[in-house]
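Each remark here refers to the structure printed beneath this line.
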Amino acid sequence: MTFTAKRSRYRTRHTGAAAVALTAAVALLAGCSSDDEPDNPLAGEKAEAGTVVVGSNNFAESTLLADIYGEALRAKGLKVSYKHNIGSRETTYGLMKNGSITVLPEYNGSLLAYLDPKAGQESAEAVNEAVKAKLDKKLTLLESSPAENKDSVSLNAETAKKYGLTAESTLADLKETAPDLVIGGSPEFQTRQQGLKGLETVYGLKFKSFKALDAGGPLTQAALTGNEVQAADVFTTDPTIVKEKFVVLKDPENLFGFANVTPLVHKDALPQEGVDALNAVSAKLDTETLLDLDAQIQLEKKDPLDVARAWLKSAGLD
């Protein structure tokens, strides 16, 4: 996915390197900021009094959801600024705790796995309660939406055909095949329980090697399509699955848990009208809708902010 200069603040950037690459990403973001965004989304400044700061992680859907949240808040008369495309949860959670971000689109089960890798996930409601118990005391979750976007291990069509794997196959069916395959994903996927660690401990999967790419973004899509990797972490609402005929393997042990889109908020910085606005968004957003919105951005190359505003209007939330 490549945006024009107008859309460059939405471009996903991932590297496996540490400070040098991060500094480069910051510089790029600073050069591409819009008028209502701080120049440096990683600076960690506290939000200006009366301003709701909406952040996003470094992948396209998170940016879209942040725009939906922000524009829904603006429709209620709240002053909003954005910190888009910041980085992974390891970065954004810290910025939420210190008050640099007021609102962040999250995925409930994925957040729980980050806060407590050993926690069970029996239901979305139980997951939310477990998250609230583990969150920093200044933070809380609002209502979850029915929209759910999980990590998955997906194969390209060539690999699936070669090994006789279909959409009915499970991760357990990959055990004998995994040693022949290179798997790709974000750098964090290599060390997370909801990643390579869990794939080995839960399903016994040991891959030939791991290639650091991005969080289900254009690098991952291109590498999987081009057979640079044969398996990859692909989000289940990614329209590329249909376009490129990727095969998503089932997860019967629920390693990837629940992933309902849920606003994470800083309690003291979001007034009640903001809480009500975001809960109204959650009530309207389902998986089918999210997949359609993602397709508009990733396949039709529409601007996420335009897509967010159009959906809010259609849902009566503008």
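The values are calculated or read from the model by the stated rules, or taken from the named source; none is laboratory data. A quick note: this is a predicted structure, and the numbers were derived from the prediction, not measured. Using ideal geometry, Cβ is built from the backbone for each residue, glycine included, and neighbour counts are taken over all protein chains shown.
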So in the range 72-118, with the set limited to residues that are hydroxyl-bearing (Ser, Thr, Tyr) and part of a loop (DSSP other than H, G, I, E, B), which one is modelled with the lowest pLDDT? Ser88
When you go through Asp303, Asp268 one by one, which is the residue that is more than 30 Å from Leu135 (Cα to Cα) and surrounded by fewer than 22 Cβ atoms within 10 Å (Cβ to Cβ)? Asp303
Kindly provide the set of residues from the range 273-311 that are of a type in the set (S, T, N, Q) and under 17 Å from the mean Cα position of the chain (by Cα), ordered by number. Ser282, Thr287, Thr289, Gln296, Gln298
Filter result (more than 15 Å from Leu264 (Cα to Cα), of a type in the set (A, V, I, L, M, F, W, C) and under 18 Å from the mean Cα position of the chain (by Cα)) within the range 74-112: Ile86
Being under 22 Å from Tyr107 (Cα atoms) and out of contact with any Ser or Thr (no Cβ under 8 Å at 6 or more places or on another chain) is the filter here; which residues of the range 241-263 pass it? Glu253, Asn254, Leu255
Could you pull out the residue among Ala223, Ala232 that is assigned to a helix (DSSP H, G or I), at negative phi and modelled with pLDDT of 95 or more? Ala223
Which residue pairs have Cβ atoms under 9 Å apart, sit 6 or more places apart or on different chains, and have a first residue in the range 227-241 that is assigned by TED's automatic domain parsing to the domain that holds Asp180 and a second that is of a type in the set (Lys, Arg) and at pLDDT below 90? Phe235/Lys150; Thr236/Lys150; Thr237/Lys150
What do you reckon, is Leu255 touching a Phe, Trp or Tyr at 6+ places or on another chain (Cβ under 8 Å), buried (at least 17 other Cβ atoms within 10 Å of the Cβ) and part of a helix (DSSP H, G or I)? no
Ser209 fails exactly one of the following numbered conditions: (1) more than 16 Å from Thr287 (Cβ to Cβ); (2) in contact (Cβ under 8 Å) with a residue 40 or more places away in the chain. What is the number of that condition? (2)
Residues within the range 156-190 that are outside any helix (DSSP H, G or I) and either not assigned by TED's automatic domain parsing to the domain that holds Ala223 or not aromatic (Phe, Trp, Tyr) (or both), tallied: 17
For the condition outside any helix (DSSP H, G or I) and out of contact with any helix residue (DSSP H, G or I) (no Cβ under 8 Å at 6 or more places or on another chain), what is the one hit in Glu122, Glu143, Glu129? Glu122
Among the residues of the range 52-71, the number that are part of a helix (DSSP H, G or I), touching a helix residue (DSSP H, G or I) at 6+ places or on another chain (Cβ under 7 Å) and either among the charged types (D, E, K, R) or over 11 Å from Ala308 (Cβ atoms) (or both) is 4
Applying the selection to the range 191-207, what residues are outside any helix (DSSP H, G or I) and β-branched (Val, Ile, Thr)? Thr191
Of Leu139, Leu165, the only residue that is surrounded by 14 or more Cβ atoms within 10 Å (Cβ to Cβ) and either under 25 Å from Ser88 (Cβ atoms) or free of Cβ contacts under 8 Å to residues at least 60 places away in the same chain (or both) is Leu139
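Restricted to the range 275-314, and to residues that are outside any helix (DSSP H, G or I) and under 17 Å from Pro105 (Cβ atoms), which residue is modelled with the highest pLDDT?
Per the stated criteria, the residue is Leu285.
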